[in-house]
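Remarks on the structure that follows.
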Amino acid sequence: MKNTKIFIVPFILVMFLSCNNDTNHRNKIEFQNKNSEVQDSIIKIIALLKKIQDPSNVNKGYDYRKDDLFINNVKTNIAHIGAIFALSKFTDNEKRQFVNLTRYLKLNNISSGSYDTYLKLWVF
């Protein structure tokens, strides 16, 4: 019993001392680039996302899982961007712009964007 106290007391002490009470960084979003540039990119990508073909069983949008891009919950091969059904309404220039914007937003810690049908809002 005494041996257990020897291990438990220092462990609890370390746990309490390791808690960070600094609240300056809570609820703060920090981007790699200027906020206005990220905001402009979000506005541009919303216009493109509205053109994505509507899926039947999922919210339309995109997300990165690790380094793979998924559009409407389907893994896409960026090298064959012209063959992606969800982007069939896009011009070639819009397809390149879409991929570039998703990569840019991912670098700014925004790795997904989709339309929430319940809220009727774009969520990133």
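Within region 57-89, being surrounded by fewer than 12 Cβ atoms within 10 Å (Cβ to Cβ), assigned to a strand (DSSP E or B) and out of contact with any strand residue (DSSP E or B) (no Cβ under 7 Å at 6 or more places or on another chain) holds for one residue alone: ARG65.
As a summary of the residue check, ASP67 satisfies the conditions (1) touching a residue at least 24 places away in the same chain (Cβ under 8 Å); (2) over 13 Å from ILE110 (Cβ atoms) except for the one numbered (1). Residue under question is LYS50, and the condition is that it be in contact with a Phe, Trp or Tyr (Cβ under 9 Å, 6 or more places away or on another chain), under 14 Å from VAL123 (Cα atoms) and surrounded by fewer than 12 Cβ atoms within 10 Å (Cβ to Cβ); does it hold? Spelling it out, LYS50 is indeed in contact with a Phe, Trp or Tyr (Cβ under 9 Å, 6 or more places away or on another chain), under 14 Å from VAL123 (Cα atoms) and surrounded by fewer than 12 Cβ atoms within 10 Å (Cβ to Cβ). Could you please find all residues in region 95-122 being aliphatic (A, V, I, L, M) and touching a residue at least 12 places away in the same chain (Cβ under 8 Å)? Across region 95-122, the qualifying residues are VAL99, LEU101, LEU105, LEU107, ILE110. Restricting attention to region 71-94, does a residue exist that is in contact with a Phe, Trp or Tyr (Cβ under 8 Å, 6 or more places away or on another chain) and of a type in the set (D, E, K, R)? There is no residue in region 71-94 that is in contact with a Phe, Trp or Tyr (Cβ under 8 Å, 6 or more places away or on another chain) and of a type in the set (D, E, K, R).
May I ask you to verify whether ASN93 is among the polar types (S, T, N, Q), farther than 16 Å from ILE43 by Cα and in a helix (DSSP H, G or I)? For ASN93, the condition - among the polar types (S, T, N, Q), farther than 16 Å from ILE43 by Cα and in a helix (DSSP H, G or I) - is met. Within region 59-72, how many residues turn out to be modelled with pLDDT under 85 and over 14 Å from LEU48 (Cβ atoms)? So the count comes out to 1. Residues in region 110-123 that are part of a loop (DSSP other than H, G, I, E, B), within 11 Å of the chain's Cα centre (by Cα) and either at pLDDT below 90 or of a type in the set (Ser, Thr, Tyr) (or both): SER111 only.
The values are calculated or read from the model by the stated rules, or taken from the named source; none is laboratory data. Please read these numbers as outputs of a predicted model, since none were measured by experiment. Please note: Cβ atoms are built from the backbone with ideal geometry, for glycine as well, and neighbour counts cover all protein chains shown.
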